[in-house]
Every structure is written in structure tokens, then in C-alpha cells.
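Presented below is the structure to which this report refers.
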Amino acid sequence: MSKSIVLTQKAPTPIGPYSQGIISQGSLLFTAGQIALDPHTGQLIEGDIKAQTRQVLKNLQAIVEEAGASLQSVVKTTVFLKDMNEFAGMNEVYGEFFKDNLPARSTVEVSRLPRDVKVEIEAIAVIDG
């Protein structure tokens, strides 16, 4: 099995023993879950679900682009929410990033996320090339 690691300074440095993303078989990108960390400071973005979702998706976009793809290449996302009552706010910002060629998506409520953030999102993308 061929795989390569994706690492960009435009997304937060992993805070544990994992990679930002892995390209498998030359065309499938699997990202690690992204939380609302500022990639330059490593600090958590303060704010509501919309602010956190926006930063999460910027981080995800940076990883996908580093792999040679775009958000249009994303085929599946998984959204982890601390509170399903904040679904509408997350969904509004999500729609700003994914407008066309929408990926499949699962959204689940979880009891706790790293650094007690409100949202974490991971993605699978297909790299054309």
C-alpha cells in the first residue's frame, strides 16, 4: 500500500501522534479531524459555533489544498458537534465553504471534543491527477 503524509503550516500542527492528512493509493486523501486552532499561534479561536466552524473549515481547506486538491474534491465529511442545538449555525458556515458538488456528510453529537471545542470536522477527498 502506498501512502504519503500531508503536512502544511497553513493548518495547525498535530497535537499528538497523527498526521494532518494521508494520501493513499495516490488519489485518496483522508484528513485528521480539525478543530478551531489558529495555525499561526496554536491557540483556540474564541467565539460561537459559526466562528469555530469557519476556522475549522479554513484548516481543512489548507490541508486539502496542500494535497493538491480543493474543497470541490471532498467526497465525504464527518462533523462532530458538542451540542446538536448548534447544528443550524454550523450548517450555515459549512454552506459557505461547500456550495456546489456537495460531499456526503454525517453529523453526530458527542459528549466532548479536544480542548472542549464546539465542532470538529474530518474529510475524505479524491485527488485528480
Using only the Cα atoms, work out Rg/Rh for the chain, with Rh taken as the Kirkwood radius, to two decimals. 0.94
Assign unit charges at the C-beta atoms only (+1 for Lys and Arg, -1 for Asp and Glu), then state the dipole size of segment 33-129 relative to its Cα centre in Debye, rounded to the nearest 20. 120
Where does helix 87-97 land angle-wise versus the long Cα axis of the chain, in degrees 0 to 90, nearest 10? 40
XL table Lys50/Lys76; Lys10/Lys76; Lys3/Lys99; Cα-Cα > 27 Å flagged, in table order, is Lys3/Lys99
DSSP-defined antiparallel bridges as percent of all bridges, the chain, nearest 5: 75
Alpha-carbon centroid distance for the pair segment 8-27 / segment 95-129, whole angstrom: 15
From the backbone phi of segment 65-75, what are the Karplus-calculated ³J(HN,Hα) couplings (6.51 cos²θ - 1.76 cosθ + 1.60, θ = phi - 60°) in whole Hz, Gly and Pro given as x? 5, 4, 7, x, 10, 9, 4, 5, 8, 6, 9
Under the rule of -39500 (n - 2.57) per DSSP H run of 4 or more residues, summed and divided by the residues of the chain, what mean residue ellipticity at 222 nm is obtained, to the nearest 500 deg cm²/dmol? -7500 deg cm²/dmol
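Bear in mind these aren't lab numbers, they're just calculated from the coordinates by the rules spelled out. Just so we're clear, the structure is a prediction, and the values are computed from it rather than from any experiment. Glycine also receives a Cβ, built like all others from the backbone with ideal geometry; neighbour counts cover every protein chain displayed.
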